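Colleague: Next up is a structure, given as C-alpha cells.
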C-alpha cells in the first residue's frame, strides 16, 4: 500500500497541496494537516495537485467534501489540477466540479487566484 | 543519580528534607530518584503532571524557583509546599522539563544566597542533559530488548518452518523436479511437500498460511502433519483437502486460514490430478504456450463442509508444471507495480527445467524489483518437467487462445474481509480482464466500481473481519463481462444502487448529509448494469456488468 503524502507549497496567497499516493479514509490526517498548514500560512486559495495521486475511492471523495466545507466556512477557494480523465469524470458525476475549480495546469490555476 | 548526592556534599546546601528529582516525562518514571539512604533525609517524590500549571512554569523558568513566591493554581505546588520544599531547581534540556530538584530550608537557618542559586543553576544546566541522556539510554535499552525478542521469534518461526520443508526431492524416472523456498524477513507461512503414495504415485503440496511469524509457522506445521497422515489414506486430492479443512476448521485461530494446492502425480502415465483450496493455480507449459489449470475451492480452515473440485491433466513428454505462492506474483517494483500473473505466465514459457528454470525466474524477479528490494512475502516455487521429445519446444504448434465461450471464468478469488483489501481485489480483477480488451476508460470505471463494491462487502458484509472472506468471480461471454462480489451480509443487505438515495452535494456542504456516502452511487454510475442477487450458499452478491456488444 502506498499511503498518502501531502507537501504544501505556498505561492503568494495560494497554497498548492501536492498529493502523492492514495486518497482514502486513511488519508484524513495527512490532508487535514496540509490544509491546516496552508491556512495558517494565510492561503486564500487552496490548490489540490492530483498529478501524483495513484488511487482515490469514495471515502477519499468524502474527504474532499469535508475540506470543501472547511474552505467555504473560511471564505477560501478550492481548486484542483493534475486530474486524469477518470477522476475528472468522477468529480463531475458527484457534482464536486461545480464547487471545486478544476484547471488543466498549475499556471492556469494560479492565474485564476489572482 | 550520583550527581545529586554530590550536590549536597559539595555545596553545603544540605537540604532538609533531602533533594529528589521528579520525573516529569510520563515515559521515564525510572529517572525519579529513589528515597535517600536514611529516613531523615528522605525527600518527597511528587509527580508534576504535564497538564499542571507548575509544569509549564518550570519549563519556562530561567533558573531556580522560590516556592514561597509562587502563585499558581497547581495541585503539585500545594503538595510541594506541604512537604516543606523551599526551592525548586527545574531540570530543562532542549526546552523540555525532564525533572526537578526539590530543596528544603537551609539547615543553617539562613536563606539561600545568590551564590547558592548560581551554583544550583550551573549544576542544573549540567545535570539536565546528563539525565536526559540517561533516560534515552534506558529507552534505547528497552527498545533493543524488544528487538531481540522479535528477532528470537523470527528465528523460532524460521526453525519451525524449516523442520517441515522436505529435505530431499523425489527421485522420479523421466521427471526433472526442483523446488525453491525463500523466506521473507518476517517469515510468512509458505510450505511445500512431496508425499510418497502407493503404486509409485507422489503427492505434491504447495500452501500458504495467512499471517506471519510463529503462529503461522505452527499452523503450517499442523497442516503439514494432517496432509502427511491423510494423503496416503484418502489419495483423492479433493477428499484430502476436504478432510484437512474439517480438521483445521476445528482448531484454526481467528483471522487465519490456509490456501493450499494438493496434487497427485502418476509419473509413468503423466497424469496430474489436483484440487485447490484457494491457492494460485498451476501452469502447464507445452512448447511456448503456457496454460493455467483450474480447480475451485475455498481456503482451508474458514468454514466446514467445503467441497473441492478435482481437475486432471495429462503432462506429455517435454511438458512442464509450475506451482507457486503469492510471494512471486505479488512482489512490487520500486514504483509499486506488481509482478503479476501475466508476467509469470509469460516468463514460464522458456525451454528450461529444474533449477535452471527456477534460477531464471528468480533472476527475472530481481530484474523486476531492482537491487534494493526487501522480500515482502515468502516465495515458493515447485516445478516438474517430463523428459523426452526435446524437440517439442521448437515443433510445438502455438496453441490458439481458447474461444470466448459463454460465461468463461477469468478469476475466482477469496479476499480476507480486512479493510484495505479492496485495492488488491481491484488489481486482481484488472489483471484478470486484461485479455478482454476493454477500452482504457471503461477499464478504469470497472476498477473503481469493483473497488467500491469490494469495500462495501468488506466493511459491511464481513464487518472488517479478515476471517470472513469476500468472494469474487469474474466471467466473460460474447455479450458481457461480469464481476460478482459475494459477501456474508453480516452488516445487512447490499443497498441497490437503482433505488438508493442519490447523495446531494448541497446537502452535504450544508451539513445535512454526511460528507461520505458516495460509494453505492458511484458503482451505479461506473458500470453498465448493477444487480443484487441472493446466494450462493446464504451469501449475497452484487453483480457488476460491462456490456461488450456495442462500441465503447
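The values are calculated or read from the model by the stated rules, or taken from the named source; none is laboratory data. If you're wondering where the values come from, they're calculated on a predicted model, not measured in any experiment. Methodologically, a virtual Cβ is constructed for each residue, glycine included, from the backbone with ideal geometry; neighbour enumeration extends over all protein chains shown.
Colleague: Hey, could you check segment A:5-15 for residues that are on the phi < 0 side of the Ramachandran plot and surrounded by fewer than 22 Cβ atoms within 10 Å (Cβ to Cβ) and say which is nearest to the other protein chains (Cβ to nearest Cβ)?
Modeller: Going through the qualifying residues, I end up with A:5.
Colleague: Report yes if residue B:225 is assigned by TED's automatic domain parsing to the domain that holds residue B:170, over 20 Å from residue B:381 (Cβ atoms) and out of contact with any strand residue (DSSP E or B) (no Cβ under 8 Å at 6 or more places or on another chain), otherwise no.
Modeller: Judged against the criteria, residue B:225 is a match.
Colleague: Continuing with the same structure: Just to check your reading of the model, which residue among B:351, B:364, B:333 is in contact with a helix residue (DSSP H, G or I) (Cβ under 7 Å, 6 or more places away or on another chain) and within 14 Å of chain A (Cβ to nearest Cβ)?
Modeller: Result: B:333 is the single residue among B:351, B:364, B:333 that is in contact with a helix residue (DSSP H, G or I) (Cβ under 7 Å, 6 or more places away or on another chain) and within 14 Å of chain A (Cβ to nearest Cβ).
Colleague: Something else: Residue A:106 versus (1) in contact with a helix residue (DSSP H, G or I) (Cβ under 9 Å, 6 or more places away or on another chain); (2) away from every other protein chain (no Cβ under 14 Å): which is the lone unmet condition?
Modeller: Of the numbered conditions (1) in contact with a helix residue (DSSP H, G or I) (Cβ under 9 Å, 6 or more places away or on another chain); (2) away from every other protein chain (no Cβ under 14 Å), the odd one out for residue A:106 is (1).
Colleague: Hey, can you tell me all the residues within segment B:448-458 that are within 18 Å of the chain's Cα centre (by Cα) and free of Cβ contacts under 8 Å to residues at least 60 places away in the same chain?
Modeller: Scanning segment B:448-458 gives a single hit, B:458.
Colleague: Also, quick follow-up: Just wondering, is there one or more residues in segment B:132-141 that are surrounded by 17 or more Cβ atoms within 10 Å (Cβ to Cβ) and modelled with pLDDT of 85 or more?
Modeller: Yes, the conditions are met somewhere in segment B:132-141.
Colleague: While we're here: Does residue B:152 qualify as being modelled with pLDDT under 90, assigned by TED's automatic domain parsing to the domain that holds residue B:59 and outside any loop (DSSP other than H, G, I, E, B)?
Modeller: No: the conditions fail for residue B:152.
Colleague: Only one residue in B:128, B:134, B:124, B:157 is in contact (Cβ under 8 Å) with a residue 60 or more places away in the chain, outside the structural domain of residue B:222 (by TED's automatic domain parsing) and in contact with a strand residue (DSSP E or B) (Cβ under 8 Å, 6 or more places away or on another chain). Which one?
Modeller: B:124
Colleague: Ok, one more. Taking the options B:524, B:511, B:492, name whichever one is buried (at least 17 other Cβ atoms within 10 Å of the Cβ) and either within 14 Å of another protein chain (Cβ to nearest Cβ) or at positive phi (or both).
Modeller: Sole residue among the options that is buried (at least 17 other Cβ atoms within 10 Å of the Cβ) and either within 14 Å of another protein chain (Cβ to nearest Cβ) or at positive phi (or both): B:524.
Colleague: Shifting gears a bit: If I filter segment B:325-341 for residues that are modelled with pLDDT of 85 or more and more than 30 Å from the chain's Cα centre (by Cα), do I get at least one hit?
Modeller: Looking for residues that are modelled with pLDDT of 85 or more and more than 30 Å from the chain's Cα centre (by Cα), one finds none in segment B:325-341, hence no.
Colleague: Having 2 or more residues that are modelled with pLDDT of 50 or more is the bar; report the helices (runs of 4 or more DSSP H) wholly within segment B:1-89 that clear it.
Modeller: Ranges flagged: B:53-60, B:75-82.
Colleague: Among what's in segment B:304-330 and is crowded, with 17+ Cβ neighbours inside 10 Å and assigned to a loop (DSSP other than H, G, I, E, B), pick the residue that is farthest from the other protein chains (Cβ to nearest Cβ).
Modeller: Of everything passing the filter in segment B:304-330, B:318 is farthest from the other protein chains (Cβ to nearest Cβ).
Colleague: Ok, one more. I'd like to know if segment B:182-199 contains one or more residues that are surrounded by fewer than 17 Cβ atoms within 10 Å (Cβ to Cβ), closer than 24 Å to residue B:230 by Cβ, at pLDDT 90 or above and assigned by TED's automatic domain parsing to the domain that holds residue B:265.
Modeller: Yes: one or more hits.
Colleague: Something else: Take segment B:278-292 and flag every residue that is assigned to a strand (DSSP E or B) and without any contact (Cβ under 8 Å) to a residue 60 or more places away in the chain.
Modeller: Hits for segment B:278-292 are B:284, B:290, B:292.
Colleague: To continue, here is another question. Filter segment A:77-89 down to the residues that are assigned to a helix (DSSP H, G or I) and more than 7 Å from every other protein chain (Cβ to nearest Cβ), then identify the one that is modelled with the lowest pLDDT.
Modeller: Only one residue fits best here, namely A:89.
Colleague: When the residues of segment A:25-76 are narrowed to those that are assigned to a loop (DSSP other than H, G, I, E, B) and either touching a residue at least 40 places away in the same chain (Cβ under 8 Å) or more than 9 Å from chain B (Cβ to nearest Cβ) (or both), which ends up surrounded by the most Cβ atoms within 10 Å (Cβ to Cβ)?
Modeller: A:43
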